[in-house]
1. Can you tell me how many residues in segment 170-197 are open to solvent by less than 10 Å² (accessible area, probe 1.4 Å) and assigned to a strand (DSSP E or B)?
2. Scan segment 337-345 and give yes if some residue there is part of a loop (DSSP other than H, G, I, E, B) and under 27 Å from Asp228 (Cα atoms), otherwise no.
3. Give the residues of segment 245-263 that are in contact (Cβ under 8 Å) with a residue 24 or more places away in the chain and open to solvent by 10 Å² or more (accessible area, probe 1.4 Å), sorted by residue number.
4. I'm trying to understand the selection: among the residues of segment 258-284, which are assigned to a loop (DSSP other than H, G, I, E, B) and touching a Phe, Trp or Tyr at 6+ places or on another chain (Cβ under 9 Å)?
5. Filter segment 152-169 down to residues that are in contact with a helix residue (DSSP H, G or I) (Cβ under 8 Å, 6 or more places away or on another chain) and not in a strand (DSSP E or B) and give me whichever is surrounded by the most Cβ atoms within 10 Å (Cβ to Cβ).
6. Test each condition in (1) farther than 14 Å from Thr235 by Cα; (2) buried (at least 21 other Cβ atoms within 10 Å of the Cβ); (3) touching a strand residue (DSSP E or B) at 6+ places or on another chain (Cβ under 6 Å); (4) not polar (S, T, N, Q) for Tyr271 and report the one that comes out false.
7. Please enumerate the residues belonging to segment 115-129 that are outside any loop (DSSP other than H, G, I, E, B) and either among the β-branched types (Val, Ile, Thr) or open to solvent by less than 10 Å² (accessible area, probe 1.4 Å) (or both).
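The values are calculated or read from the model by the stated rules, or taken from the named source; none is laboratory data. This structure is a prediction, so every number in the text was calculated from the model and none was measured. Neighbour counts run over all protein chains shown; Cβ positions are idealised from the backbone, glycine included. Only protein heavy atoms, including side chains, enter the accessible area calculation; ligands, DNA and RNA are left aside. Shrake-Rupley method; radii C 1.70, N 1.55, O 1.52, S 1.80 Å.
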Amino acid sequence: MKFVNCSKGILCLLIFVICGVSNNAVAEQNKDALAPKSHVDDALALPLHTVTIATLSLEQSILFYRDAMGLQMEGPIEVSTSTKKAQRALWEIPDDLDWQTYRFYRKGVTQAIQIRLMVLSKPMPSILQSWSPTQLGPFSLGFPNNNTIELDKKIRKVGFGALNEIESYPIPRTDGTTYQIDETIFNGPDFNHGVAITRGNGMPQLGPLDMNGMGGPAYSAQIISDSDNHLKFYTDILGLEIRSDREFKSAGDKGAMNLPNGTVFRFAIVYSKGASTGHMLFVDFRNIEPVKPVTRPSIPNLGLGMWTFPVKSIDDVLENAKQHNAQIVGQSRRVADPLLGNVLKATLRAPNGFLIEVFEVVP
């Protein structure tokens, strides 16, 4: 890994952090360090499809994801008794806890990640204890858009704060020219963060946008330790690939993430093979002690507690998990899922206890 001194903290990740969807010709793709170099035919797990958030506050979730970020909402969604029983087993939900299911999605943007919101029937521990960026666990969802400066004003007016002020700065392309990035990390419900990001000067956004210039969720991030072990889980078991793996040092101002000056961290970006969105970001601090979790970073604890991936072969994923001694929570079972369709589903735990759901579409 190459060490980079970065005056804007985590968000000044040169072209490696903010490179995303490249829908132009080959010449434009050559400017994008994260443009796919593999092919979707070689993928086992496809791009991140669904994130699951457990909450007690439907009202705050509506305010942030629908009213501020512009997602559509459905729900409460009817879930059959048999499906809920299967979900309870696959997700390790205790028998005395019930929930209602809601869906948030970007209308007209099929590549965007959807949010499955579980509104719980009783309090549960919170995955995170504050919005501090140094806590281990799930961190954010990314929302590309064409005007973060205006979106920043809108979301603050709605009533949500941020880790720091909006950050605007030039980023070099691979051909030596530069473009501007505008970015804010907002403090969302359940100590989740929503990242508003715009790439300027004609650069494509991190994911496709709707007719109103809003996109996403397009990616999700976690703060982790023991990153070698984590990355092996996602590459060796799910067949994902690391597109960028670098170290950075925050300096000057604290950047949008508001990290202490001089913080060194590993930053790895993981994609499904052949994909240009629906990716994952992993941050591993090198010279500061992260805040360790007091509860497992998984549903039904409050917060972002599960990632869901479509896979081409659920049997291959489970075999990989067995070979690498990963914890299998729920073996493959057929489920009529109202958000996913008729699928085979299984669940695993990542090294930090985070829940991973995989599904294979069946006739």
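1. The number of residues fulfilling the criteria is 12.
2. So far as segment 337-345 goes, no, none of its residues is part of a loop (DSSP other than H, G, I, E, B) and under 27 Å from Asp228 (Cα atoms).
3. Within segment 245-263, Asp245, Arg246, Glu247, Lys249, Ala251, Gly252, Asp253, Lys254, Asn258, Pro260, Gly262 meet the criteria.
4. Leu259, Thr263, Ser272, Thr277, Gly278
5. Per the criteria, the residue is Ile155.
6. Every listed condition holds for Tyr271 apart from (1).
7. Residues of segment 115-129 outside any loop (DSSP other than H, G, I, E, B): 115-120, 126.
Within segment 115-129, Ile115, Arg116, Leu117, Met118, Val119 meet the criteria.
One line per residue, one yes/no per condition, for (1) of a type in the set (Val, Ile, Thr); (2) under 20 Å from Lys31 (Cβ atoms); (3) in contact with an Asp or Glu (Cβ under 9 Å, 6 or more places away or on another chain):
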residue	(1), (2), (3)
Ala162	no, no, yes
Glu165	no, no, yes
Gln180	no, yes, no
Asp190	no, no, no
Ile197	yes, yes, yes
Gln222	no, no, no
Ser227	no, no, yes
Leu240	no, no, no
